[in-house]
Every structure is written in C-alpha cells, then in structure tokens.
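Following: one structure in structure tokens, then a few remarks.
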There are 6 protein chains.
Amino acid sequence: MTNTQASQTSHGNLRYERGLAKLQEIDGEGGVKVVESLADIAPDFARLLIEFPFGDVYSRPGLDLRSREIAVVAALTAMGNAAPQLKVHIQGALNVGVTRTEVIEIIMQMAVYAGFPAALNGISAAREVFAADDKKSAQSLAEPRALAEEAI
Amino acid sequence: MTNTQASQTSHGNLRYERGLAKLQEIDGEGGVKVVESLADIAPDFARLLIEFPFGDVYSRPGLDLRSREIAVVAALTAMGNAAPQLKVHIQGALNVGVTRTEVIEIIMQMAVYAGFPAALNGISAAREVFAADDKKSAQSLAEPRALAEEAI
Amino acid sequence: MTNTQASQTSHGNLRYERGLAKLQEIDGEGGVKVVESLADIAPDFARLLIEFPFGDVYSRPGLDLRSREIAVVAALTAMGNAAPQLKVHIQGALNVGVTRTEVIEIIMQMAVYAGFPAALNGISAAREVFAADDKKSAQSLAEPRALAEEAI
Amino acid sequence: MTNTQASQTSHGNLRYERGLAKLQEIDGEGGVKVVESLADIAPDFARLLIEFPFGDVYSRPGLDLRSREIAVVAALTAMGNAAPQLKVHIQGALNVGVTRTEVIEIIMQMAVYAGFPAALNGISAAREVFAADDKKSAQSLAEPRALAEEAI
Amino acid sequence: MTNTQASQTSHGNLRYERGLAKLQEIDGEGGVKVVESLADIAPDFARLLIEFPFGDVYSRPGLDLRSREIAVVAALTAMGNAAPQLKVHIQGALNVGVTRTEVIEIIMQMAVYAGFPAALNGISAAREVFAADDKKSAQSLAEPRALAEEAI
Amino acid sequence: MTNTQASQTSHGNLRYERGLAKLQEIDGEGGVKVVESLADIAPDFARLLIEFPFGDVYSRPGLDLRSREIAVVAALTAMGNAAPQLKVHIQGALNVGVTRTEVIEIIMQMAVYAGFPAALNGISAAREVFAADDKKSAQSLAEPRALAEEAI
C-alpha cells in the first residue's frame with residue numbers, strides 16, 4: 001500500500017462506514033457482496049463505490065431516500081443501458097418504501113420522456129425483481145439478493 | 001379535416017381537456033403557448049402532446065405529481081440531450097412542491113448514475129430556472145414562462 | 001375500476017381498436033400477445049401501448065407504413081439500447097414490404113451516424129430475425145412470433 | 001505528404017469523386033463548403049467524410065436515397081445530440097423527395113421510440129430548416145445553405 | 001453547517017487539497033473558478049467535484065494524466081451531450097502533453113465508434129479551443145480560461 | 001458483381017490489405033473471423049469494416065495504437081450499449097501494450113464522466129476478458145478469440 005492510499009483510507013474511514021451503512025439500508029446484504037466481488041479485480045473501485053455514491057451522496061440531507069430512489073429508477077429506465085443496476089434499484093426503491101404500483105408508474109412515465117422501448121424494458125426488469133421478491137418472501141430468507149456488480 | 005381526424009378529435013375530447021388541465025397545473029400558462037406554437041408546423045403533434053403525456057400519463061392515479069416531476073427531472077438530467085425540456089420540468093417540479101434544495105439534490109444524485117458532466121449541465125439549467133423564477137416573483141407577473149416547444 | 005379509467009376506456013375504444021388492428025398489420029399475432037403478457041404487471045400500459053403508438057401515431061396518414069418502419073429500424077439501431085424491440089421491428093419492416101437487402105442497407109447506413117458497434121449489433125439482430133423467419137416459412141406456421149414486451 | 005497518404009489519395013480518387021457527387025446531390029453546394037471548412041484543422045477528416053459516408057455508403061445500390069434520408073432523419077432525431085447534422089439532413093431529405101409533411105411524420109414517430117423531448121427538438125429543427133428553405137425560395141438564390149461541419 | 005457536513009469537511013480535507021491541486025494541474029486557474037461559480041447554488045457539489053473526480057480518481061497512480069485525458073476527450077466526444085466539458089478537457093489534454101494533432105486523431109477515431117456527427121461536433125469543439133488557446137498565447141495572459149461549470 | 005462494386009474493389013485493395021493487417025495486429029486471428037462471419041448476411045459490410053476503421057483510421061500516423069485503444073475502451077465503456085465490442089477492445093488494448101491495471105483505471109475514470117453503472121458494467125467486461133486471456137495463456141493456444149461481429 002502506497003502512502004497515498006494509506007492517507008486515503010485513514011481519511012476516508014468515516015465516509016466508508018457511513019456509505020456501507022447506507023448501502024445496507026438500501027440494498028441489505030448486497031452491500032457486503034459488492035465489496036467482496038470487486039476484490040479480485042478492482043478493490044479500490046469497491047471502496048470508491050461505497051465512499052462516494054453512498055457515503056457522500058445518498059447520505060446527504062435535503063432529499064429523502066424514497067425520492068432519491070424514484071430519481072434513480074427513472075434515470076436508469078430512461079438511459080436504458082444499465083439493466084443490472086436498474087433491477088437493484090427497483091428492489092432498493094421497494095426497500096425504502098416505494099410501492100410496486102409506484103414503480104410501474106415511474107417506468108410508464110418514462111415512455112413519455114425516453115420512449116416506449118425504454119419503458120417496456122423497464123417493465124421487464126420490474127417483473128423479474130417482483131418475482132424474485134415474491135420468491136424470497138415465500139422462503140422467509142434474508143439472503144443477499146444482489147449480484148455484486150449490480151449494487152450501485 | 002379528414003374523417004379519421006374528426007373521429008380522433010371527438011373521441012379524444014375528454015383526454016384533451018384533462019391533459020390541458022394537467023399541463024396548466026404543472027406548467028401554468030405555458031400549456032396554452034404549447035398548442036399555439038406548434039400550430040404552424042405540427043398542429044396534430046400539439047394535440048397528441050396534450051392527450052398522451054398529460055391526458056393519459058400524468059393524470060393517472062398511483063403516483064403523486066411531486067414524484068412524477070422528481071422522476072422527470074432526474075431522467076432529463078441523466079439523458080443530457082433535452083435541455084429546454086429539463087428547464088421546463090425544473091420549473092414544473094417547483095410548481096408542484098419540490099423545493100429548490102431538492103431539485104439540486106436530484107441533480108447531484110445524477111452525478112453518480114450519469115456522470116458529472118450531466119449533473120453540471122443540470123445545475124446550469126437549474127440556475128437559469130431559479131433566476132427566471134426570482135425575476136418573475138419580483139415582478140409579480142403571471143406571464144407565460146415556457147417557450148412553446150419546451151413544455152413537454 | 002375508477003370513474004377516470006372508465007371514461008378513458010369508453011372514449012379510447014376507437015383508438016384501441018384502430019391501434020390493435022394496426023399492430024396486427026405490422027406484427028401479426030404478436031399484438032394479442034402484447035396485451036396478454038403485460039396483463040400481470042402493467043395492464044394499463046398494454047392499453048396505452050395499443051392506443052398511442054399504434055392507434056394514434058402509426059395510423060396517421062401522411063407517411064406510409066414502409067417509411068415508418070424504415071425510420072424505426074434506423075432509430076433503434078442507432079440508439080443501441082433496445083435490442084428486443086429492434087428485432088420486432090426488423091420483422092415488422094419485412095412484413096410491410098421492406099426487403100432483407102434494404103434492412104441490411106438501413107443498418108449499414110447507421111454505421112455512419114451512430115458508429116460501427118451500433119451497426120454490428122444491428123446486423124446480429126437482423127441475422128436472428130432472418131433465421132427465425134426462414135424457420136417459420138419452412139414450417140408454414142403462423143405462430144405468434146414476438147415476445148410480448150418486444151412488440152413496440 | 002507521406003507515402004501512405006499519397007497512396008491513399010491515388011487509390012481513393014474514385015471514391016472521393018463519387019462521394020463528392022453524392023454529397024452535392026443530397027446537400028448541393030454544401031459539399032464544397034464541407035471540404036473547405038475542415039481544411040484548417042482536419043483536412044484528412046474532410047476527405048474521409050466524402051469518401052466513406054458518401055462515396056462508400058450513400059452510393060450503394062440496394063436502398064434508394066429517399067429511404068436513406070428517412071433513416072438518417074429518424075436516427076438523428078432519436079439520438080438527440082446532433083442538432084446541426086439533423087438540420088442538414090432534414091434539408092437533404094427535402095432535396096431527395098421527402099415532403100415536409102413526411103418529415104414531420106418521421107419526427108412525430110420518434111416520440112414513440114425516443115420520447116417527446118427528442119421529437120419536440122426535432123420539430124424545432126424542422127421549423128428552422130423550413131423557414132430557411134422558404135426564404136431561399138423567395139430569393140431564388142442557389143447559395144450554399146449548409147454550414148460546413150453540419151454537412152454529414 | 002450541520003454536524004454531518006462538518007465531519008465531511010474535516011475528514012475530506014486531504015482529498016479536497018489533493019483534488020484542488022490536481023484540478024489546477026489539469027485546468028489551471030479554472031479550478032478556483034469552479035469552486036466560486038457553484039457557490040451560489042450548489043456549494044457542496046463544488047466540494048464533491050474537487051474531492052471525488054480530482055481528489056480520488058485523477059490522483060490515482062496506475063494511469064498517467066495524458067492517458068486519462070485521452071480517455072476523457074474520447075468519451076465526451078462519443079457521448080456527444082456534454083460540449084462545455086469536452087472543450088475544457090480538450091484544453092486539459094493539451095495542458096498535460098497531448099498534441100493538437102493527437103486531439104484531432106482521437107476525435108476522428110470516434111467517427112468509427114460513435115458516428116460522424118459526434119466526431120464533427122468534436123472537431124468544432126477543438127477548433128474553438130485551439131483558437132482560444134492561440135489568442136491566449138498571443139496575449140501572454142494566464143487568465144482563467146474555463147467557465148466554472150465546464151471544468152469537470 | 002456490378003461495375004460499381006468491381007471498381008470499389010479494385011481501388012480499395014490497398015486499403016483492404018492495410019486494414020486487414022491492422023485488424024490482425026490489434027485483434028489477431030479475429031480479423032479473419034470477422035470477414036467470414038459477416039459473409040452470410042452482409043459481406044459488403046465486412047469489407048467496409050476492414051477498409052474504413054482499420055484501413056483508413058487505425059492506420060493513420062499521428063496517434064499511437066496504444067492511445068487509440070485507450071480512447072476506444074473509454075468511449076465504449078461510457079456509451080454503455082456495445083458490450084461485445086467493448087470486450088474485443090479491452091483485449092485489443094492488452095494486445096497493443098495497455099496493462100490490466102491501466103484498463104481498470106480507464107474504466108474507473110469513466111465513473112466520473114458516464115456514471116458508476118457504466119463503469120461497473122465495464123469492470124464486468126474486463127473480468128470476462130481477463131479470465132479468457134488467462135485461460136488462453138494456460139492453454140498456450142493461439143485460437144481465434146473474438147466472435148466475428150464483435151471485432152470492431
């Protein structure tokens with residue numbers, strides 16, 4: 001470990017801890033999986049992923065988590081090129097209090113702004129997430145639900 | 001007017017009226033401007049614009065207007081290729097109860113999902129809208145604020 | 001059903017019927033599949049999908065179906081983030097009289113405007129559609145060919 | 001001039017001449033302007049622009065020019081990030097026989113596939129092109145109409 | 001200032017200082033302008049902009065600055081929706097040792113991957129930056145060259 | 001073969017040969033596979049793919065291959081809609097001297113400019129390429145590694 005990295009880590013501890021807590025609040029055990037799965041190839045990216053999006057941004061006051069997840073589900077549906085992350089955030093939205101009906105309405109709203117194909121692919125993502133969520137509820141298992149790289 | 005268009009209009013009346021009312025609720029006098037400005041070149045598109053996005057989608061139950069505008073501001077910031085419409089919807093978000101602080105937070109959140117340039121351009125759009133809004137408040141004028149084709 | 005939805009439906013009948021007919025003209029039995037497949041999770045979106053794109057837009061005079069499909073194949077190839085819908089519209093283009101050679105030329109033209117990767121992925125989509133079309137012809141089957149959410 | 005460039009030029013003559021003729025057929029005097037305007041900073045790119053898009057692709061048999069321009073107007077409207085080129089190709093479409101009504105229909109069709117903001121910005125581009133075209137007709141001038149770097 | 005923000009600041013100091021130095025190395029006096037210009041509307045975003053992109057990412061070992069700027073000029077040219085930031089990074093690339101010829105080659109390379117319109121718009125951006133750079137050299141002035149929100 | 005095509009071929013020979021050599025330098029045996037795989041459906045596109053990107057652009061002086069591949073990996077990661085081509089170019093980057101560490105840094109840099117989802121999907125692509133590369137090294141096999149349409 002270089003000096004640069006050492007100082008990054010020592011000064012970043014609070015952000016990292018805050019970010020990890022926030023990631024777990026939104027994505028549950030998936031947060032731990034994220035760090036572990038990137039460890040083989042991009043361990044520093046795992047740390048930055050915890051620190052900046054979750055430690056710096058999601059942790060900010062000024063906008064509630066529910067609204068943040070509405071924003072993210074909308075943006076990822078509209079962009080249409082990040083299906084794994086869209087699925088994780090549909091689940092994240094459910095986790096912080098957005099209802100399934102609301103998720104579908106957010107995606108339908110995107111038909112107006114990004115076109116019907118984007119919305120239809122968003123509906124497909126939602127169907128997969130809802131089905132996995134039903135299955136998990138039936139099993140009463142709290143197993144990690146997110147593939148590691150999908151957890152942003 | 002062809003027969004086809006006549007039947008579209010007669011069956012579309014309720015959607016049109018509902019859409020126009022919803023557009024005015026979100027964008028104020030800008031709604032009237034929209035119809036007028038497209039009249040020269042694409043009058044049918046003006047009608048479709050009222051009927052589908054506003055009459056069919058925004059009017060739906062299942063998601064409050066505030067959440068719909070959060071979704072739209074997020075998506076247009078992330079897509080980064082629709083600055084005129086982003087400005088209209090930042091104002092629309094303010095109109096339906098999103099605060100300026102929340103608008104800025106939504107845009108900052110997009111730095112994570114669509115990159116810093118998208119967020120910086122969103123901040124520029126917000127600055128313009130906030131300044132225009134301040135000026136309008138100072139004048140106590142209720143003048144139409146949106147350029148016609150920006151009102152979607 | 002709420003009053004709002006009831007009035008939407010009664011006033012939307014003509015658009016729905018016209019849209020369903022147009023969808024079948026372009027996509028054959030896939031039209032029925034669309035409505036059925038969205039029924040579990042987003043039934044209203046199935047209706048809007050029939051009514052707006054097919055009932056309102058594709059049904060318009062002013063541009064022939066062949067030209068509309070050329071436009072859609074080009075756009076979806078260039079956007080590069082809607083592979084399922086691109087495949088459906090390559091088949092739709094064939095259905096309304098665009099030749100295979102012309103489909104390939106449209107996609108190659110996109111190399112100039114959206115880059116070679118977009119065109120190469122478009123070629124892959126065309127290969128799949130042509131192969132499925134050959135197989136279907138060999139079987140003389142008129143089975144529904146489109147997955148539900150792909151039919152826009 | 002290096003040997004490499006010399007051989008490129010001698011072998012590329014036919015493509016260059018064919019491309020220049022095709023560019024002029026679509027964009028009129030704008031073709032000459034293109035070559036001239038890129039001369040200061042990227043002269044080789046001017047040559048490649050003539051040779052590949054116009055000499056290699058537009059010149060191909062298998063798809064008529066009208067269909068090629070429909071495809072390009074659709075794609076550039078949908079992509080939403082190339083307004084200068086969209087304007088040139090709206091004029092190009094008119095030059096090869098697409099009517100104004102058809103241009104508007106192509107753009108409206110994109111509302112379905114790329115969202116209303118993309119279509120509204122396309123309508124704005126069309127309004128500018130139609131107005132410039134009217135002005136030019138009134139003047140009976142055959143002046144070059146395209147800014148140089150917009151001519152692709 | 002809330003407690004949360006206070007702790008962010010105290011723990012972020014090193015990242016902020018390192019980021020500001022790196023921003024100045026790439027963009028010169030523009031770095032200071034960035035912080036100042038965002039102060040009115042999004043002061044925390046100014047801080048995050050210094051800390052994460054410049055303090056966390058650009059400061060990393062493992063890839064030289066020249067290569068990082070090549071990557072950024074390529075990406076912003078290809079994305080095509082962030083012209084202000086592209087201009088800043090074309091200048092940034094020149095600042096860290098990329099030649100004008102190389103900038104043009106990077107942009108021409110993007111014609112292959114993102115299409116000719118993206119490359120042509122990139123050439124226009126480069127022309128503006130080179131002209132501003134020539135003017136500045138002629139004046140022997142070291143004035144801040146970047147508009148604040150363009151400096152990412 | 002038409003006269004037009006014949007003249008294209010005879011005048012394009014040098015570009016084709018130069019392009020094929022350049023493609024092999026970057027992608028190894030994959031180059032041959034490209035031509036073969038497009039033969040069924042778009043043989044002319046195979047030729048254009050060799051001639052323009054590789055014969056015209058990659059072969060240019062003014063920017064070294066390493067820098068070209070850095071630019072392409074960055075752009076394809078940022079665009080996020082061309083995963084097959086991104087994988088081929090991550091391998092191509094390794095082939096022309098970019099290290100694995102540098103590939104990861106380029107992709108991490110894109111988190112700043114195109115968002116974390118784009119970077120995470122880029123990391124996934126890199127993981128696949130590195131694993132395939134390890135396997136190949138272990139086997140000491142020089143087998144063609146690229147699927148045909150991915151080789152641009």
- Label spacing, shortest first and in nm, from E:Lys136 to its equivalents in the remaining copies (7 angstrom along Cα→Cβ): 3.7, 3.7, 4.2, 5.0, 5.8
- Separation between the C:Ser137 and F:Val96 pseudo-spin-labels, each 7 Å from Cα along Cα→Cβ, expressed in nm? 4.1
- Message: With N set to the number of residues, divide the alpha-carbon radius of gyration of region E:63-152 by 2.2 N^0.38 Å and report two decimals.
- Response: 1.02
- What pairs in A:Lys22/E:Lys22; B:Lys22/D:Lys135; B:Lys87/D:Lys87; A:Lys135/F:Lys135; D:Lys22/D:Lys135; D:Lys33/E:Lys33 have C-alpha atoms more than 32 Å from each other? B:Lys22/D:Lys135; A:Lys135/F:Lys135; D:Lys33/E:Lys33
- Note on the structure: Placing each pseudo-label 7 Å from Cα in the direction of the beta carbon, C:Leu14 and E:Ala21 end up separated by a distance in nanometres of 7.3
- Item | Shielding by other protein chains, E:122-131, mean Cβ within 10 Å | 3
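Here, each number is a calculation from the coordinates, and none is a lab measurement. Computed from a prediction, not measured in an experiment: that's the story for all the values here. Every residue, glycine as well, gets a Cβ built from its backbone with ideal geometry; the counts of neighbours run over all protein chains shown.
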